[in-house]
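Below: one structure, written as C-alpha cells.
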Amino acid sequence: MTTKNSTILVCDDDETLCYLLKEQLLEEGFAVDTVYDGKYAIQAIKGTHYDVLLLDLNMKEVQGEEVLKFVKDYNSTLQVIILSAQGEMRKAIECIKTGAYDFITKPYEFDELLLTINRAVEHKELIVKTELLTKEISKKGSDTIIGNSPPLQRVLNLSSKAAISNSNILIEGETGTGKELFAEYMHKQSSRKDKPFVVINCASLPDQLIESELFGHEKGAFTDAKNTKQGLVEIAHGGTLFLDEIGELSLTLQPKLLRFLENGEYRRIGGITNLNSNVRVIGATNKNLLEEAENKNFRKDLLFRLNVITLTIPPLRERQDDILLLANYFLGEKSPVRSPKRLSEQASDILLNYSFTGNVRELEHIIERAIIFAEEELILPDDLNLPHSYQVQSRTPSSTEDTDEILSMEELEKWHIQNVLDKNRWDRSQTATQLGISPKTLYTKIKKYELKQI
C-alpha cells in the first residue's frame with residue numbers, strides 16, 4: 001500500500017528509465033522528480049524535501065557513492081535505495097553499510113521496487129518519531145482534556161472546527177491552562193494526524209539555539225556545529241509545529257519565522273540554499289500579543305499571519321464545574337494502586353474556592369503533593385498545603401470576619417511563591433516546575449514582589 005504524500009527523487013543517467021519509472025510511480029500516487037547525474041541530485045536535495053532517493057551508482061560526473069555520502073551528512077532521514085547493475089553487487093552492499101536503506105538490481109520488477117519504496121517510507125517515519133521522542137523532555141501529567149463545563153466545551157467545539165482547516169492558529173491563555181494539549185488535540189483531529197507533532201518552547205533557549213532547533217544548521221556554521229543538523233521544521237514536514245510561548249521569540253528571529261509562515265521557505269544556519277517544508281504552525285502565548293505589537297515587542301505582520309484562527313483557553317477559576325472532576329482524575333492517575341486517596345468534603349470545598357493562578361497544572365501539583373502528605377486514605381485540608389485563608393474560607397462566608405481573612409490575589413501569589421521557594425531552598429528550576437510556570441516568569445515574580453531568601 002502506497003504511503004500518501006510521499007516524494008521521490010529518481011537519479012539515473014538513463015533518461016528513458018527515469019521517464020518510465022516516473023510514470024509508474026505517479027500512477028501509484030507519489031510525487032516524483034527526476035535528474036540524470038549526481039550533481040543535480042545534490043542540488044535537488046538541497047532545495048526540496050524528499051522521502052526516498054532512487055540512486056544509480058554509475059553516472060558521468062558525480063557518482064552514486066558521493067551522493068549517498070552527501071545525503072547521510074545533509075539529511076539523515078532521506079532513505080536511499082540503490083539501483084544497481086548485476087555486476088555492481090559488491091558496490092551495492094558497501095552502500096548498505098554506508099547507510100543506504102536497500103538496493104534493487106536492474107532490470108527490476110516494479111512490484112518489488114514499490115514494496116521496497118513503501119518500506120523505506122515507513123522506516124523514515126519511524127526514524128522521525130524516534131528522533132522526536134529522544135528530543136522530548138519527559139512530561140508529568142495528563143495528555144487528556146478533562147472537563148464538562150460550558151466554557152471548556154465551547155473551546156473544544158471551536159478546536160474541532162479549527163482542526164479541519166490548514167490555517168495557522170494562535171492559542172491564548174494563562175500559564176497552566178493546557179495550551180499544548182489543545183494544540184495536540186487539533187493535530188490529532190486534522191488530516192495531518194499521521195505526521196509528526198513537533199513542540200518547541202520559545203522561552204527555554206537562547207536565540208541561536210532556537211534558530212538552530214527550528215531551521216537546523218550546516219556543518220561548521222558555528223563552533224559546536226560538528227555535523228549538519230536538520231531543523232524541527234524539516235522533521236515536522238507534513239505535520240504540525242507547535243511554538244509554545246511564542247511571545248518570547250526575539251525580534252531578531254521573528255522575521256525568519258514570518259518568512260517561513262508566508263511561503264514555507266527557510267535556510268539552515270550557515271546555509272545559502274532556500275529549503276521548503278509543509279507544516280501547519282500553532283503558536284501559544286500567555287501574553288496579549290496585540291499589546292506586545294503596539295509596544296514594538298512583537299511584529300504586527302507576524303501576529304496577523306499567525307492568528308488566522310485564535311482560540312482562548314479559559315482559566316480554571318472560570319471552570320469551577322471542572323475542578324473536582326480534574327482533581328479526582330489526577331488522584332486516580334497518581335495515587336498508589338494499593339492505597340488510593342480521596343478528597344475529604346472540607347478539602348473539596350477549599351479547592352472549589354481556590355484561585356488557581358497556575359490553573360490546571362497547579363491543581364495537578366497540589367494533588368500530587370497532597371497524596372504524599374496525606375497519612376490516611378482521606379486527604380484533609382492541611383494535606384493540600386495551601387495558604388491558611390483558603391483553608392478557613394467557606395463557599396458562602398457567614399460573617400465579615402471570615403471575608404476579611406481572605407488575601408488579595410497578589411498577596412496570595414506572593415505568599416505562595418515565597419513558600420514554595422523556601423521549601424525548595426530557592427532552587428528556581430524546581431520551584432518553577434512545581435508552580436507550573438517558566439523559570440523566566442518566576443524570575444519576574446521574584447523581582448516584582450521583592451522576594452528574598454531567608
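The values are calculated or read from the model by the stated rules, or taken from the named source; none is laboratory data. Note that the coordinates shown come from a computational prediction; the quantities given were computed from them, not determined experimentally. Please note: Cβ atoms are built from the backbone with ideal geometry, for glycine as well, and neighbour counts cover all protein chains shown.
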ask   = Within the stretch 200-310, which helices (runs of 4 or more DSSP H) (wholly inside it) include 1 or more residues that are among the basic types (Lys, Arg)?
value = 254-263, 300-306
Only one of Glu377, Glu345, Glu362, Glu368 that is modelled with pLDDT of 85 or more and within 27 Å of Pro206 (Cα to Cα) = Glu362
task = Take Asn263 and decide whether it is at pLDDT below 95 and under 27 Å from Tyr185 (Cβ atoms).
result = no
query = When Ile127 is evaluated against the numbered criteria (1) under 27 Å from Thr7 (Cα atoms); (2) at pLDDT 90 or above; (3) over 16 Å from the mean Cα position of the chain (by Cα), which criterion, by number, is the only one it fails?
reply = (2)
remark   = Among Val233, Val279, the single one that is touching a helix residue (DSSP H, G or I) at 6+ places or on another chain (Cβ under 9 Å), buried (at least 16 other Cβ atoms within 10 Å of the Cβ) and closer than 16 Å to Ile169 by Cβ is Val279
query = Do we find a residue being acidic (Asp, Glu) and at pLDDT below 90 anywhere in the stretch 271-291?
reply = no
ask   = What number of residues within the stretch 171-180 satisfy the criterion of being in contact with a helix residue (DSSP H, G or I) (Cβ under 9 Å, 6 or more places away or on another chain) and surrounded by fewer than 22 Cβ atoms within 10 Å (Cβ to Cβ)?
value = 4
request  = Please enumerate the residues belonging to the stretch 51-62 that are at pLDDT 90 or above and not acidic (Asp, Glu).
outcome  = Val52, Leu53, Leu54, Leu55
message = Given (1) assigned to a loop (DSSP other than H, G, I, E, B); (2) within 30 Å of Asp56 (Cβ to Cβ); (3) at pLDDT 90 or above, identify the lone condition not met by Ser167.
response = (2)
inquiry  = Just to verify a result, which residue in the stretch 317-363, among those that are part of a loop (DSSP other than H, G, I, E, B) and of a type in the set (S, T, N, Q), is surrounded by the fewest Cβ atoms within 10 Å (Cβ to Cβ)?
reply    = Ser339
message = Take the conditions over 22 Å from Gln43 (Cβ atoms), aliphatic (A, V, I, L, M) and in contact (Cβ under 8 Å) with a residue 40 or more places away in the chain and apply them to Ile269. Does it pass?
response = no
task = Go through the stretch 436-450 and give me each residue that's of a type in the set (D, E, K, R) and not in a helix (DSSP H, G or I).
result = Glu450
